[in-house]
């Protein structure tokens, strides 16, 4: 299924290919908890920015590996390049404009990221 997504002000628009029922992760790390991010990690081949790439700004913290992208206008983080899967894209399911048939949420202990990151590394692999 092809999902359409965007930031709040619609300056940044994207599409992502994923199943009709989504398996996503809720992370309790500081940035995800505060932003209400629901993670859908996909291979880069399943993701495309439709418009607004020039409206994105990048924030890096801690190790500096993850590239957190935010809309310069509304501040929403619709997707980013995750530290766990630098060869993929992590889409915020809360930014999808197309409704999935179902969303199945798994808790991820991001407060102890180093101990649990290995459980995520397969998510950007082609299926």
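The values are calculated or read from the model by the stated rules, or taken from the named source; none is laboratory data. What you see is a predicted model, and the numbers here were worked out from it, not measured in a lab. In this analysis, Cβ positions are derived from the backbone assuming ideal geometry, glycine residues included, and neighbour counts consider all displayed protein chains.
Scanning segment 71-97 for residues that are closer than 15 Å to residue 38 by Cα and over 13 Å from the mean Cα position of the chain (by Cα) returns a single hit, 97. Quick check, is residue 110 touching a helix residue (DSSP H, G or I) at 6+ places or on another chain (Cβ under 7 Å) and modelled with pLDDT of 80 or more? Against the criterion (touching a helix residue (DSSP H, G or I) at 6+ places or on another chain (Cβ under 7 Å) and modelled with pLDDT of 80 or more), residue 110 does not qualify. Within segment 1-21, the set of residues being part of a strand (DSSP E or B) and either at pLDDT below 95 or buried (at least 20 other Cβ atoms within 10 Å of the Cβ) (or both) comprises 3, 5, 6, 14, 16. Yes or no: segment 54-70 includes at least one residue that is more than 15 Å from the chain's Cα centre (by Cα) and at pLDDT 95 or above. Yes, the conditions are met somewhere in segment 54-70.
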